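For reference, the structure is listed below as structure tokens.
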């Protein structure tokens, strides 16, 4: 008599799963959908509908403060993601291209510390640290924001790069070594091209995290160094208009595009 096959448990068979899933998606995405809709509000209120209009997109586009904050945000995010991705790539190579060693878990914990520690704690620590440097040097430029964003973005770039390295086949690298290729040549001609999708995915994720950051930026920035998120926060504290909705929608579209590219690049390939 043939033995009966054990049934595989599926969470979708739990009573009420579909209803709970629908409610969860509504809670997550209904506010975002409302924001997008009200970005086309023709009135002057953030939440009171005054007819369909795209004028607030034009107002935001022509606002010199928005332009300045946007350029500053993109500049900081670009440099921070480049620095974070470079450091994350080196860290990933150092933690995956060799066997586990004493202190490996501690190093892994240090690399991912910004993700595990509440962001407000990191922001306060950076505020105190950079304040002492500002007093000693007198320098108050964007270097502090770039350094803070770079440090915070390292684990976000590290995780997809490390995942890519762990999924890579070592056959080509081993064959190149057997053919007396130098280690740097193997890295440049084989490892780096194979790792490129993971590096690109990590850089995109780091860019998005830096571009959207509010808490660390608010604590570290000096006067006149508003990024787009902190500018929007300042507007919400005053008499906010649907211009904030329009800016938020534009940021949402950019974030979705970058995250979509991130998931495409981070997929495992044969």
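In deg cm²/dmol, rounded to 500, what helix-only [θ] at 222 nm does the chain give when every DSSP H run of at least 4 residues adds -39500 (n - 2.57) and the total is split over its residues?
Result for the chain, helices only: -23000 deg cm²/dmol.
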The simple spin-label model distance between residue 116 and residue 75, using points 7 Å out along Cα→Cβ, in nm, is 3.6 nm
Taking Cα atoms, the helix 192-212 axis meets the longest principal axis of the chain at an angle in degrees (rounded to 10) of 30 degrees
Checking 137, 191, 227 against a Gaussian network model of the chain (alpha-carbon springs below 10 Å), the top fluctuating residue turns out to be 137
Taking only Cα atoms of region 115-205, the Rg to Rh ratio with Kirkwood Rh works out at 1.19
Counting every C-alpha pair in region 64-266, the percent lying more than 32 Å apart is 26 percent
In whole percent, the Cα-Cα distances of region 209-268 spread across 5 Å bins from 0 upward as 4, 16, 22, 19, 17, 11, 6, 4, 1, 0
Relative contact order in percent for region 89-195 (Cα pairs under 8 Å, 6+ apart) equals 37 percent
In degrees, nearest 10, the alpha-carbon axis of helix 242-266 is tilted away from the dominant principal axis of the alpha carbons of the chain by 10 degrees
Expected sort for 106, 219 with the fewest Cβ neighbours (10 Å cutoff) up front is 106, 219
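Could you tell me the calculated FRET efficiency between residue 125 and residue 188, based on Cβ-Cβ distance and R0 = 30 angstrom, to the nearest 0.05?
0.20
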Subtracting the Cα-Cα distance of residue 24 and residue 93 from 0.36 nm times their residue separation yields 21.0 nm
With 0.36 nm assigned to each residue of separation and the Cα-Cα distance removed, residue 142 to residue 166 gains 5.1 nm
Relative contact order of region 64-266 (C-alpha contacts under 8 Å, at least 6 apart) in percent is 36 percent
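Bear in mind these aren't lab numbers, they're just calculated from the coordinates by the rules spelled out. The model shown is predicted, which means the values in this text are computed figures rather than measured ones. Virtual Cβ from ideal backbone geometry, glycine too; neighbours counted across all protein chains shown.
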